[in-house]
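Only one structure is covered here, and it is reproduced in the block below.
The values are calculated or read from the model by the stated rules, or taken from the named source; none is laboratory data. Keep in mind it's a predicted model, so treat the numbers as computed, not measured. Cβ: placed from backbone, ideal geometry, glycine included. Neighbour counts: every protein chain shown. Just so you know, the surface numbers come from the protein's heavy atoms only, side chains and all, with ligands and any DNA or RNA stripped out. Shrake-Rupley method; radii C 1.70, N 1.55, O 1.52, S 1.80 Å.
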Amino acid sequence: MSTQFDAIIIGAGQAGPSLAGKLTQAGRKVAMIERKLFGGTCVNTGCIPTKTLVASAYVAQKARIAANYGVVIGGPVSVDMKAVKARKDEISGKSRTGVEGWLRGMQNCTVYHDHAYFESAHEIRVGNEILTAEQIFLNVGGRAVIPDLPGVNTVPYLTNVSILELDTLPRHLVIVGGSYIGLEFAQIYRRFGSEVTVIEKGPRLVQHEDEDVSATMKSFLEKEGIRIRLDAECIHLEAHGKDVAVGVDCKSDASASVGSHVLLAVGRRPNTDDLGLERASVERDAQGFIVVDDQLRTSVPGMWALGDCNGKGGFTHTSYNDFEIVAANLLANDPRRVSDRIPAYALYTDPPLGRAGMTEKAVRQSGKPALIGTRPMTKVGRAVEKGETEGFMKILVDAETKQILGASILGTGGDEAIHCILDIMYAHAPYTTLQRAVHIHPTVSELIPTVLGELNPLT
Ligand SMILES: Cc1cc2nc3c(=O)[nH]c(=O)nc-3n(C[C@H](O)[C@H](O)[C@H](O)COP(=O)(O)OP(=O)(O)OC[C@H]3O[C@@H](n4cnc5c(N)ncnc54)[C@H](O)[C@@H]3O)c2cc1C
């Protein structure tokens with residue numbers, strides 16, 4: 001016996017629930033299968049909980065330097081980790097129950113709270129039931145990579161999931177991985193009061209970014225007392241009493257970092273190895289990402305893959321945009337494509353990094369004749385007034401078409417200010433349009449036209 005639907009969606013992450021909404025509105029009978037937490041990574045173990053912690057850490061830091069602003073705190077600043085966690089749980093929990101309630105109340109949508117497993121390309125097993133549908137949508141997301149480091153299985157370690165369950169302060173948090181997730185947690189816990197060491201095997205932090213971004217980030221994190229160890233050639237772990245020693249070199253005896261807690265933050269892998277995709281003959285690449293075309297169709301007719309599992313994005317907004325692309329193609333005869341998307345994201349250190357389009361390195365490698373404009377945040381009035389002058393902004397322009405190729409705003413408000421650049425890129429308008437815009441004073445964005453008025457050839 002099987003139950004037939006028009007569409008089956010596996011995973012209630014950032015694309016699945018909205019797609020269920022659109023499909024049911026269009027009169028389709030939909031099955032939504034979620035094995036664990038409604039809302040997926042972003043809501044439960046990613047963006048939302050981490051950004052609540054970023055907010056708590058920001059307040060702690062400001063309280064610590066309150067005297068710089070003429071504000072009297074009158075005693076040492078400490079953090080109540082139970083209260084921090086309770087705040088995080090409440091915000092994340094409201095979002096999760098909101099998603100679940102929305103799906104369960106959706107007409108024409110049947111919610112299954114179990115693991116989905118393929119029996120064949122259009123048959124899915126959920127518990128003891130078999131569901132069938134002409135259209136299958138995969139929104140199964142990803143999880144933390146557990147690197148095959150010597151000793152990793154002999155010691156306790158944290159991932160982005162388990163670190164969010166802590167309600168006490170680690171004495172010394174050692175973070176393996178100096179990229180986006182690792183650096184957010186590094187600054188959060190340093191500001192909460194932990195000793196923090198970041199161990200990165202590469203020669204610099206956030207290696208996908210330009211060198212000036214990596215260097216500036218290293219500098220402001222070190223100023224807060226975070227220890228950063230780069231070029232860690234042979235990272236290995238071993239028990240050290242109740243602590244864990246993370247060694248960084250197998251040849252010389254460079255001293256190990258001994259932590260009360262170790263967080264592994266070395267990347268993400270797709271959840272495509274445990275749902276029987278081989279029974280459906282779905283093509284995957286060498287890293288396990290589901291291979292899709294520009295409109296997110298998999299190699300199997302009638303099957304689409306959205307979000308982190310297709311390797312095309314890795315962010316909440318890209319997963320949601322995947323939903324928009326699939327819905328537009330299927331329901332609105334609108335041929336939206338992944339290649340319409342401009343890469344954009346933020347890294348939520350303080351100050352944050354807002355990014356759009358190409359890095360300077362990528363522009364140089366492309367060989368395009370280009371113009372560049374930069375400005376340190378020390379020359380941005382709003383940053384000076386806020387006492388947040390770390391960082392800089394940098395914009396790259398195609399010298400021939402006058403279109404903006406990319407930008408990095410590493411500075412206060414950079415995660416918001418980047419959007420005026422992103423929007424002009426989506427409009428395919430020349431940079432001069434933005435250069436002539438009159439922005440509000442005092443803001444970080446008001447200096448973007450100024451930077452564009454002072455471009456120099458990229459030599
Ligand atoms: C610490 C951290 C911080 C982050 N911060 C940001 C940020 O600030 N901004 C940002 O844009 N992105 C951020 N991200 C990335 C973001 O969380 C993800 O890109 C986003 O959640 C991906 O959404 P998704 O829809 O692809 O999958 P997910 O949100 O991962 O959802 C997939 C769902 O599928 C379910 N599932 C998987 N397999 C099965 C199965 N076989 N049967 C049934 N259900 C299944 C899972 O339980 C899960 O609920 C962060 C990630 C992490 C880890």
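A few comments on the model shown:
- For the pair SER260 and GLN365 in one chain, pulling the backbone fully straight at 0.36 nm per residue adds 33.5 nm over the alpha carbon distance.
- Under the convention that each Lys and Arg Cβ holds +1 and each Asp and Glu Cβ holds -1, the size of the dipole of the stretch 269-387 around its Cα centre is about 740 debye.
- Averaging Cα coordinates gives a centre for the stretch 1-38 and one for the stretch 322-340; these two points are 17 Å apart.
- The H on the amide N of MET303, modeled in the peptide plane, is under 5 Å from the matching H of ILE136, THR298, each at least 5 residues off or on a different chain.
- Å² per residue, accessible surface of the chain at 1.4 Å: 45
- Sequence-distant residues sharing a close amide H with VAL198 (under 5 Å, placed H): ILE175, ARG227, ILE228, ARG229
- When the residues TYR157, TYR431 are ordered by accessible surface, computed with a 1.4 Å probe over the protein chains alone, the sequence from largest down reads TYR157, TYR431.
- Contour excess over end-to-end distance, with Cα ends at SER2 and LYS82 and 0.36 nm allotted per residue: 24.1 nm
- FRET E, pair LYS36, TYR58, Förster distance 25 Å, beta-carbon r, rounded to 0.05: 0.25
- The HN-Hα couplings worked out from phi for the stretch 303-315 by the Karplus form 6.51 cos²θ - 1.76 cosθ + 1.60 (θ = phi - 60°) are 9, 10, 10, 10, x, 4, 6, 9, x, 9, x, x, 9 Hz, whole numbers, x standing for Gly and Pro.
- Spatial separation of Cα centroids for the stretch 197-243 and the stretch 248-277, in angstrom: 13
- Extension gain for GLU134 to VAL291 (0.36 nm times residue separation, less C-alpha to C-alpha distance): 54.6 nm.
- With an a/c value of 1.5 or above and a/b larger than b/c for the gyration tensor axes a ≥ b ≥ c computed over the alpha-carbon atoms, the stretch 187-282 is described as prolate.
- Of the three principal axes defined by the Cα atoms of the stretch 287-383, the extents in descending order read 54, 32, 31 Å.
- Whole-angstrom gap from the stretch 388-459 to the stretch 81-115, using each part's C-alpha centre: 38
- Furthest towards positive pole of dipole, HIS240, ASN44, GLN295, structure part the chain, Cβ charges: ASN44
- Zero-based 10 Å bins, Cα pair distances in the chain, whole percents: 4, 18, 25, 26, 19, 6, 1, 0
- Qualifying trypsin sites (Lys or Arg not before Pro) for the stretch 200-253 [loop in DSSP, other Cβ within 10 Å: at most 13]: LYS242, LYS251
- In order through the stretch 199-213: 3J(HN,Hα) via Karplus (6.51 cos²θ - 1.76 cosθ + 1.60), integer Hz, x for Gly, Pro: 10, 10, 7, x, x, 8, 6, 5, 5, 7, 8, 5, 5, 5, 5
- The portion of the accessible surface of the chain made up by carbon and sulfur, rounded to a whole percent, is 51 (1.4 Å probe; DNA, RNA and ligands excluded).
- A simple rule links phi to the HN-Hα coupling: the Karplus curve 6.51 cos²θ - 1.76 cosθ + 1.60 with θ = phi - 60°, which for the stretch 75-88 gives x, x, 9, 9, 10, 8, 4, 5, 5, 4, 5, 4, 4, 4 Hz, with x for Gly and Pro.
- Cα-only radius of gyration and Dmax that characterise the stretch 79-162, units Å: 18.7, 53
- For the chain, the cysteines with no partner cysteine C-beta closer than 4.7 Å are CYS109, CYS309, CYS420.
- Counted over the stretch 1-136, the DSSP beta bridges are approximately 35% antiparallel.
- From helices alone, the chain scores -9000 deg cm²/dmol at 222 nm; the rule is -39500 (n - 2.57) for each run of n ≥ 4 DSSP H residues, then divide by the residue total.
- Peptide packing: for 359-368, 7-16, 188-197, the average count of neighbouring Cβ atoms within 10 Å per residue gives the ranking 7-16, 188-197, 359-368, highest mean first.
- The stretch 86-135: C-alpha gyration tensor shape, a/c 1.5 cut-off, then a/b vs b/c: prolate
- Within straight-line cross-link reach of LYS201, aspartates and glutamates at Cα separation under 19 Å, skipping those fewer than 8 residues along the same chain: ASP148, GLU184, GLU209, ASP210, GLU211, ASP212, GLU222, ASP231, GLU233, GLU238, ASP249, ASP253
- Within the chain, DSSP assigns beta bridges of which about 60% are antiparallel (rounded to the nearest 5).
- Relative packing of peptides 437-447, 304-314 - highest average C-beta neighbours within 10 Å first: 304-314, 437-447
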